[in-house]
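Q: Sending over a structure as structure tokens; questions will come in a sec.
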Amino acid sequence: MILTPQKKSKLTSNELNRVIETLQRGDVIAMPTETVYGLAADAENLEAIKKIFALKGRPIDHPLILHIGDKKDLEKYAVNIPSFALILADCIWPGPLTIVLKKSARVSDLITANQDTVAIRMPSHPIALQILKNFAHGLVAPSANKFGHISPTTAQHVYDEFGENIPIIIDGGSTKVGIESTILNLTSEVPTILRPGIISKKMLENILGIKILSNNEAPIKNQPKVSGSLKSHYAPKTKTIVIDGAKLKTGVNELQKSKKIAVLSQQKKPAQFNGVWLIMSKNPNTAAQKLYKQLRELDRLKLDLIIIENVDDSDQWSGIKDRITRASVSF
Ligand code: TXA
Ligand code: MG
């Protein structure tokens, strides 16, 4: 069921108790984070973690992010913590950055897909933080969608995906960031972005004062397992393609002769186009915030094709570029 708290930013003590008891029982809840909604379970309960894999239909070799409510909990779950991790935790947490570190013995192999590293983040949504601060352990929380599908940015999206199969879906409003956290590997020789997000490479370089690598600059060998790195991921069910801005209008003109199409673009809808045409913001933060909601809206139309206008190659757009590229791989 969807639990609509009296306030979107804080659970009452009754609401909180229900959530904590559900987690203590080893059940899964859906909670808002600032990026996307997550399916959360006790990170120290193997049966609870298994439920997450089963619910999502997620292959067992795709590791989970461990969420913590206090920077001090880093030491519970990671070892050999480099100073870069502490600096980033101070500057960005709570916030949309996940860091990959050497795992401590407390972290089960089920969370890490048998790797010796663990991905950790401290989310900033006040309800996620409230739960984490009041629960004795960390929470594993993948995005609350079926494996490979679009991540949810509202409680209703989670309900559409899982219905009554999750005992509590907490409604914390539309998520602010809208795409998943940036993942930074701090166990490689040079810190490397494994998944781009709204915390950009330049921001990380400015904070750390060093050069870091982006996902496509990293050497292929020894790459850790990142499920978001599968080519077709975050994908609508409708076939989706990306077209460069300069070719968009002619492309749309041609394609609409033989197909039912919908468009997500920064350009205005041309007068002769009679389908659904959604506008992507020119501000990357706003574009990210709306992206998955808009893709779901277009997917629901069950047309032949979704066309997304490409975005520019700059650092600020790298998270969105990554997601629309993955959404558009044919499957
Ligand atoms: O914003 C987010 O990170 C959201 C919210 C709910 O916190 N969570 C999320 O989780 O996106 P999920 O499971 O959908 O994606 C987790 C990503 C995957 O790409 C996974 O492969 C990667 O984190 N990951 C987890 N552990 C890792 C590790 N030890 N090394 C490298 N990548 C890891
Ligand atoms: Mg996901």
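The values are calculated or read from the model by the stated rules, or taken from the named source; none is laboratory data. Model, not experiment: these values are computed from the prediction. As a convention, Cβ positions derive from the backbone with ideal geometry for all residues, glycine included, and neighbour counts pool all protein chains shown. Surface accessibility is based on the protein's heavy atoms, side chains included, excluding ligands, DNA and RNA. Shrake-Rupley method; radii C 1.70, N 1.55, O 1.52, S 1.80 Å.
Q: What single numbered condition from (1) under 17 Å from the mean Cα position of the chain (by Cα); (2) buried (at least 22 other Cβ atoms within 10 Å of the Cβ) fails to hold for residue 191?
A: Here residue 191 meets the rest and fails (1).
Q: Now for a separate question. From (1) within 12 Å of ligand 1 (Cβ to nearest atom); (2) under 21 Å from residue 10 (Cβ atoms); (3) not small (Gly, Ala, Ser), pick out the condition that doesn't hold for residue 154.
A: Of everything listed in (1) within 12 Å of ligand 1 (Cβ to nearest atom); (2) under 21 Å from residue 10 (Cβ atoms); (3) not small (Gly, Ala, Ser), residue 154 misses just condition (1).
Q: Does residue 121 count as touching a Phe, Trp or Tyr at 6+ places or on another chain (Cβ under 9 Å) and within 9 Å of ligand 1 (Cβ to nearest atom)?
A: On the way: touching a Phe, Trp or Tyr at 6+ places or on another chain (Cβ under 9 Å): yes; within 9 Å of ligand 1 (Cβ to nearest atom): yes.
In short, yes.
Here is a yes/no grid of residues against (1) open to solvent by 10 Å² or more (accessible area, probe 1.4 Å); (2) within 15 Å of ligand 2 (Cβ to nearest atom):
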| position | (1), (2) |
| --- | --- |
| 4 | yes, no |
| 15 | yes, no |
| 27 | yes, no |
| 43 | no, no |
| 57 | yes, yes |
| 70 | yes, no |
| 75 | yes, no |
| 85 | no, no |
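Q: For the stretch 169-196, enumerate the residues that are more than 9 Å from ligand 1 (Cβ to nearest atom) and over 15 Å from residue 33 (Cβ atoms).
A: Listed by number, the residues that qualify are 184, 186, 188, 189, 190, 191, 192, 193, 196.
Q: Would you point out the residue of the stretch 117-176, among those that are open to solvent by 30 Å² or more (accessible area, probe 1.4 Å) and within 16 Å of ligand 2 (Cβ to nearest atom), that is farthest from residue 48 (Cα to Cα)?
A: 160
Q: Scan the stretch 45-81 residue by residue and report those that are among the hydrophobic types (A, V, I, L, M, F, W, C) and assigned to a helix (DSSP H, G or I). Before you say what the answer is, go through the steps one by one.
A: From the stretch 45-81, those among the hydrophobic types (A, V, I, L, M, F, W, C) are 46, 48-49, 52-55, 60, 64-66, 68, 74, 78-79, 81; that's our starting set.
Within the stretch 45-81, 46, 48, 49, 52, 53, 54, 55, 74 meet the criteria.
Q: Test residue 325 against the stated conditions and say whether it is of a type in the set (S, T, N, Q) and under 20 Å from residue 154 (Cβ atoms).
A: Values: of a type in the set (S, T, N, Q): yes; under 20 Å from residue 154 (Cβ atoms): no.
So residue 325 fails the test.
Q: Just to be sure I understand, how many residues within the stretch 296-320 are open to solvent by 40 Å² or more (accessible area, probe 1.4 Å), without any contact (Cβ under 8 Å) to a residue 40 or more places away in the chain and within 30 Å of residue 203 (Cα to Cα)?
A: 3
Q: Hey, another quick one. Might you let me know whether the stretch 82-100 holds any residue that is assigned to a loop (DSSP other than H, G, I, E, B), in contact with a Leu (Cβ under 7 Å, 6 or more places away or on another chain) and aliphatic (A, V, I, L, M)? Steps first, answer last, please.
A: Pass one, the stretch 82-100, residues assigned to a loop (DSSP other than H, G, I, E, B): 82, 93-96.
With in contact with a Leu (Cβ under 7 Å, 6 or more places away or on another chain) added as a condition, the list becomes 82, 94.
This time we only want the ones that are aliphatic (A, V, I, L, M), so: none.
No: zero hits.
Q: Another question, if that's okay. Please go through (1) at positive phi; (2) modelled with pLDDT of 95 or more for residue 148 and return the number of the only condition it doesn't satisfy.
A: The failed condition is (2).
Q: Which ones in the stretch 1-44 are in a loop (DSSP other than H, G, I, E, B), touching a residue at least 24 places away in the same chain (Cβ under 8 Å) and not β-branched (Val, Ile, Thr)?
A: So the first thing to find is which residues in the stretch 1-44 are in a loop (DSSP other than H, G, I, E, B), and the list is 1, 4-6, 8-9, 11-12, 25-28, 32-37, 43-44.
Within this subset, residues satisfying the condition of being touching a residue at least 24 places away in the same chain (Cβ under 8 Å) are 1, 4-5, 8-9, 11, 26-28, 32-37, 43-44.
Selection gives 1, 5, 8, 9, 11, 26, 27, 32, 34, 37, 43, 44.
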